[in-house]
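The values are calculated or read from the model by the stated rules, or taken from the named source; none is laboratory data. The structure displayed is predicted, hence computed values, not measured ones. Here the Cβ positions follow ideal geometry from the backbone for every residue, glycine too, while neighbour counts run over all protein chains shown.
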Amino acid sequence: MPLLFRLAALWKKEALALTRDRHALAALFIMPAIFILVMSLALADTDAFSGKSRIAVRYALLDLDDSRASRELDARLDAIEAFEKHAPPADADAARRQVESGEIAFALVIPQGYGQQIDAQKTPALQLLIDPALPRALREGFYRQVEAASIRVSVLFAIEALEDSLLSDAPQLTALEAPRLAVEAVGHGDDPAPVLPSAVQQNVPAWLIFSMFFVVIPISAVFIGERQHGTLQRLATQRVSFGLVLAGKFLPFVLLNQIQAVVMVGVGRWLAPLCGSEALALPEGAAALAALWLVSLAVSAAAVGWALLIASLAKSSEQATVLGGVGNILMGAVGGVMAPRFLMPAAMQPWTRLSPMDWALEGFHQVMLRGGGIPDVLPAAAALVAFGLAALGLAWQRSTARTP
């Protein structure tokens, strides 16, 4: 019980110190709210989300027919510079898993009999699997390219058939039709009903994550102030371990992050539509909301651990603001907060995996766009918690070495 009383007293101390720092609280809530509104409105009609862009995305082609017609279609798609071809999957299930995980954006399945349909001048059938986290513009762009390439293949073979039929007395050529292109948005569950992203779907989770990591400002101010005023030393003389001090700081700021999450979701859900943007679409069901909350808690663990590490390394509040601010901006730029991953050059996209903000964004998108649940966000949540614990361990090691 004495341990719980000490921990409760530390929580109360952190809450009182936090409420006195009104400028930091304003930065944590007002800044991301403005970012969400401004960026959602600014990007609502831009090329990336409106269908006017040519952005390199990865696709895979599974040729189950292996005919001259299917190879011709493969070659024509391969010649399109806007799309990067990925190694072919082993089967249809492997293609679906690659799209579901976000490894590729599209998977085009050419079924058996495609070549025979082309030879018989019948409407060919194709299956297109898409990642629902991809903007509608890119989905429609790739769809049109596949449709156009298939029509060109049909025209090529129809001309060859016409040349052969000219030797007969009654040449015939049937009317060409667009391919039967069955489009499937690959999500999780039996009926995922994924939501295609808009600017607000990208910006709300992105800037929410960014604002959570800016908890480094109030944590650093409190932590460094306690070090300079001798509070940490006095706590040490009262046999309050430094690990308990860190635990006392952890919960209040995690709760602060959760309040941020609720406020920012409310901004995207209700305030953004009043300003002319789309409303944030949230998944339905207790399981999906639990998965979102798990990701939010994991982001908080990573953000608070990172903030405590910065506070332990910095010698002043100004230095902590610079280190934390620059670090957050770099993680946000690399991790897809400043610009979505699909807007980046193909060579740069793998580097996004190095940023904890990318892990967090992937976790939110697994639920909000791909219809995932708790099992689907566990890898991202585990990585974030591991990052937070590692940072917390380094902060403990650094601060215990500095505390007399």
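List of remarks:
- If you check Ala33, Ala48 for being under 30 Å from Pro218 (Cα atoms), within 24 Å of the chain's Cα centre (by Cα) and at pLDDT below 85, only one passes: Ala33.
- For the range 302-345, filtering for residues that are assigned to a loop (DSSP other than H, G, I, E, B), aliphatic (A, V, I, L, M) and surrounded by fewer than 23 Cβ atoms within 10 Å (Cβ to Cβ) leaves 4.
- Subset of the range 104-145 [closer than 13 Å to Glu72 by Cβ and among the aliphatic types (A, V, I, L, M)]: Ile110, Ile118
- Test: residue in the range 341-352 that is modelled with pLDDT under 85, among the basic types (Lys, Arg) and over 16 Å from the mean Cα position of the chain (by Cα): no
- Meets criteria (within 26 Å of the chain's Cα centre (by Cα) and either surrounded by 15 or more Cβ atoms within 10 Å (Cβ to Cβ) or not small (Gly, Ala, Ser) (or both)) for Gly102: yes
- For Phe364: the one exception among (1) modelled with pLDDT of 85 or more; (2) not in a helix (DSSP H, G or I); (3) not charged (D, E, K, R): (2)
- Restricted to helices (runs of 4 or more DSSP H) entirely inside the range 64-156, no element has at least 2 residues that are among the acidic types (Asp, Glu) and free of Cβ contacts under 8 Å to residues at least 12 places away in the same chain.
- Residues in the range 346-361 that are part of a helix (DSSP H, G or I) and not hydroxyl-bearing (Ser, Thr, Tyr): Gln349, Pro350, Trp351, Arg353, Leu354, Pro356, Met357, Asp358, Trp359, Ala360, Leu361.
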